[in-house]
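Enquirer: So that we are looking at the same thing, I have put the structure below in structure tokens.
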Amino acid sequence: MSAAQDTPVARRLQHVNHIIIVLSGKGGVGKSSVSTQLALSLRASSPTTRVGILDVDLTGPSIPRMLGLDGHPVHQSSDGWVPVYADGVEARLSCMSVGFLLKKRGDSVVWRGPKKNAMIRQFLGDVRWGELDYLVIDTPPGTSDEHLSLLEHMAPVHSKLSAVIVTTPQAVALMDAMKCLSFTKAVSLPVLGLIENMSGYVCPCCGEISNVFSTGGGEEMARREGLHFLGSLPVDTDLVTLLDAAEPKGPESRAEEGSFELMRRGTVQALDAATEVNKTSVLNDTSS
Amino acid sequence: MIALQQASAIPDVLSVPSNAPEHCPGTESEQAGKADACAGCANQEICASGQTKGPDPALPFVRERMSNVKHKILVLSGKGGVGKSTFTAQLGWAFAADEDLQTGIMDVDICGPSIPTIFGIANEQIHSSSSGWSPVYVQDNLGVMSVGFMLPSARDAVMWRGPKKNGLISQFLKDVDWGTLDYLVIDTPPGTSDEHLSIVSYLRESGIDGAVLITTPQEVALQDVRREINFCNKVGIKVLGLVENMSGFVCPSCKGESQIFKASTGGGRKLAEEMGVEFLGAVPLDPRIGKSADYGVSFLDEYPDSPATTAYLDIIDKIKAQLGNDNDESS
């Protein structure tokens, strides 16, 4: 750890190998769904992989519901906050979200920037993440307080950071994804690739594919901007239902699903490629 | 129109504006003038003296401008991507269909402005005159203001923390020459944070008629709407009603209806009942809505026969009824 400063955040995250930030610019394109699936597939990729998922969408946390962890409390230990484990005793998928800290599910978190900043610092510095292969960070839409805070607090571990951008195929969403890409450039955050979500919907009665939100826009943007295209995910009503259901998800849930597997593989490959380039950095990725 | 004050120049939103440091805690915060970031800031002394904690100096100007606006409506959602901007646009077009009504659309989603694209005016710019910044007009009686008009190119990101966003929102309210409006529809970003608190506090004196909440049928979205209703109650904004968007999808080839986003917990209707707010209606998912938004044309005018158009118009009538029909005699 050559230039690493010794901050509480750096100390907490020193045993985390890769930190993947899921960004989108636009809301409702599936950041949380992609984060959840990415975390589940990474976890399923080997029996010893340990994955953490941090939800920094403070005013609209969706991760607890998607992992079926609604209403779980966060415990405090002498060594910091204990994250909520989505897979019980195996404890290979740890999760933290402001959703766990709310008393009632209808409670709103009405916070301005400085309070959000403090919460994010606590999530990074006070949570006992332990040793993780991957920490997936789900973000709120936009390029504002939460994003700047994240980057700022994780500056000491910047070499472990990378981002995945999620978009839907419409022009309106692509425009925001472009803004997001400009953001990553401004803060020199390497982008692993682009995921196009909600591309095409298969009618359950006739099998006809409708492009509800148009199609192909993400791939086109990836080509134009020289990004890896990590794949397109169709609209899948079963997935929506599954993520919506309150029961805990089995770790296998949809991890084997073809497109997610592709997305995971693409992400890991991009990560490995980035690691190759950064051989001098702290990433000695012999395990994966 | 009287010039209320010398309108300030249109800011270059990509530069670090004025002289605030990047981590300015906000002039009204407890930390003002005392935080680490304040060291070296030209305003440190003023902030530390506590003068800035008084009422915002912009308030009287906002009140003056807003005195000519009859109805102010917020479009809120909690969750992103449920169709706030699309709904705002349809609402604007529907109001503007009446030639005697003046409508304004204000986009306070600073980091992801979609309103210019949806109205097909993405390449327009704002002009400043002695009476203020003039909004971009889609048609004679429909003016639009968005940060999207201030960016050199659509790919530029606005990376701002709260205080800077608040500053721009106050300028939208006090420096924009809205003229006399019957309706001002305000499109918001997802969540309950700086933008929402600012718009509510700036408009408290002039009064907000109410908020229209948008949701999709899944529980993940409904959760966020519960939070948004909770927010409205906390800050004292009347909820005009709840709209369920993307509810059901009609396959263009077989006309069979299916649910893309299943209402596993009863959807918007049940939530509205539960929370005691009016359910304004459900709008089915029509791929042409998204396409209209991408091309910047009015869905209501382009596809008057779509079931979604009927649903939209029905909802808009209900909103109009709630706001009262005092517009007819006054025009």
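Enquirer: Counting heavy atoms of the protein chains only and a 1.4 Å probe, report the per residue accessible area for chain B as a whole number of Å².
Expert: Using a 1.4 Å probe on heavy atoms only, each residue of chain B averages 39 Å².
Enquirer: Take a quick pass over region A:3-287 and tell me how many lysine pairs come in under 19 angstrom between Cα atoms, counting only ones 8 or more apart or on separate chains.
Expert: Lysine pairs satisfying the spacing and distance rule in region A:3-287 number 8.
Enquirer: Quick one: pull the percent of accessible area on region B:60-324 belonging to carbon and sulfur, 1.4 Å probe, ligands and nucleic acids left out.
Expert: 46
Enquirer: Rounding to the nearest 20 debye, state how big the charge dipole of region B:155-310 is about its Cα centre with +1 on each Lys and Arg Cβ and -1 on each Asp and Glu Cβ.
Expert: Around 520 debye, computed over region B:155-310.
Enquirer: Based on the mean of other beta carbon atoms within 10 Å per residue, what is the order of B:216-222, B:271-277, A:74-80, most packed first?
Expert: Highest-to-lowest ranking by the protection proxy: B:216-222, B:271-277, A:74-80.
Enquirer: For B:Lys70, give me every one of the lysines with a C-alpha distance below 23 angstrom, ignoring sequence neighbours fewer than eight places off in its own chain.
Expert: In chain and number order, the partners are B:Lys84, B:Lys174, B:Lys238, B:Lys318, B:Lys320.
Enquirer: Please label the shape of the protein assembly as shown as rounded, prolate or oblate, based on the square roots a ≥ b ≥ c of the eigenvalues of the alpha-carbon gyration tensor (a/c under 1.5 means rounded; beyond that, a/b larger than b/c means prolate, else oblate).
Expert: It is oblate, given that a/c is not under 1.5 and a/b is not larger than b/c.
Enquirer: Which far-off residues, 5 or more places away or on another chain, put their amide H under 5 Å from the one on A:Ile137, with H placed in the peptide plane?
Expert: HN-HN under 5 Å from A:Ile137: A:Ile20, A:Ile21, A:Val22, A:Leu54.
Enquirer: Apply the a/c threshold of 1.5 to the C-alpha gyration tensor of region A:3-287 and tell me whether it is rounded, prolate or oblate.
Expert: rounded
Enquirer: I'd like the antiparallel share, as a percent to the nearest 5, of DSSP beta bridges with both residues in the protein assembly as shown.
Expert: Bridges in the protein assembly as shown are about 20 percent antiparallel.
Enquirer: Sticking with this structure for a sec: Which one of B:Ser306, A:Gly125, A:Ser199 is farthest out on the positive end of the charge dipole of the protein assembly as shown, using unit charges on Cβ (Lys, Arg +1; Asp, Glu -1) and the Cα centre as origin?
Expert: Positive-most Cα among the choices belongs to A:Gly125.
Enquirer: Follow-up. Could you check what % of the DSSP bridge pairs in chain B are antiparallel, to the nearest 5?
Expert: 20
Enquirer: Sticking with this structure for a sec: In region B:205-248, which residues give up 10 Å² or more of accessible area once the other protein chains are added, compared with their chain alone (1.4 Å probe)?
Expert: B:Gln218, B:Glu219, B:Val220, B:Gln223, B:Asp224, B:Arg226, B:Arg227, B:Asn230, B:Phe231, B:Lys234, B:Met246
Enquirer: So what's region A:177-221 giving for Cα Rg divided by 2.2 N^0.38 Å, two decimals?
Expert: Normalised Cα radius of gyration, region A:177-221: 1.59.
Enquirer: Rounded if a/c is under 1.5, else prolate if a/b beats b/c, else oblate: with a ≥ b ≥ c from the C-alpha gyration tensor eigenvalues square-rooted, which is chain B?
Expert: Prolate, because a/c is 1.5 or more and a/b exceeds b/c.
Enquirer: How high is the relative contact order of region A:45-121, in percent, counting Cα pairs under 8 Å that sit 6 or more residues apart?
Expert: So the answer I get is 37 percent.
Enquirer: Quick check: the distance between the Cα centres of region A:166-180 and region A:82-100, to the nearest angstrom?
Expert: The distance from the Cα centre of region A:166-180 to that of region A:82-100 comes to 31 Å.
Enquirer: Determine the share of region A:1-63's accessible area contributed by carbon and sulfur atoms, expressed in whole percent, with a 1.4 angstrom probe.
Expert: Reported share for carbon and sulfur atoms: 47 percent.
Enquirer: Enter the buried accessible area of the B/A pair, total of both sides, probe 1.4 Å, in Å² rounded to the nearest 100.
Expert: 4900
Enquirer: While we're on this one: Roughly how crowded by other chains is peptide A:166-172, in terms of the mean Cβ count from those chains within 10 Å of each of its Cβ atoms?
Expert: The mean count of partner-chain Cβ atoms within 10 Å per residue comes to 5.
Enquirer: Work out which residues of region A:118-147 lose at minimum 40 square angstrom of accessible surface when the other protein chains are put back, relative to the chain isolated, with a 1.4 angstrom probe, and list them by number.
Expert: A:Thr143, A:Ser144, A:Asp145
Enquirer: Can you give the charge dipole size of region A:107-165 about its Cα centre, rounded to the nearest 20 debye, using +1 on the beta carbon of Lys and Arg and -1 on the beta carbon of Asp and Glu?
Expert: 180
Enquirer: Here's another thing I want to ask about it. On full extension of the chain, what length is gained from A:Glu220 through A:Leu102, given 0.36 nm per residue of separation minus the C-alpha to C-alpha distance?
Expert: Separation in residues times 0.36 nm, less the Cα-Cα distance, equals 38.4 nm.
Enquirer: How large is the helix-only mean residue ellipticity at 222 nm for chain A, computed as the sum of -39500 (n - 2.57) over DSSP H runs with n ≥ 4, divided by its residue count, in deg cm²/dmol to the nearest 500?
Expert: Roughly -10500 deg cm²/dmol at 222 nm, from the helical runs in chain A.
The values are calculated or read from the model by the stated rules, or taken from the named source; none is laboratory data. Here the structure is a predicted model, which means the values were calculated and not measured. Heads up, the Cβs are rebuilt from the backbone with ideal geometry, glycines too, and the neighbour counts pull from every protein chain shown. To get the accessible areas, we keep the full protein, side chains included, count just its heavy atoms, and leave off ligands, DNA and RNA. Shrake-Rupley method; radii C 1.70, N 1.55, O 1.52, S 1.80 Å.
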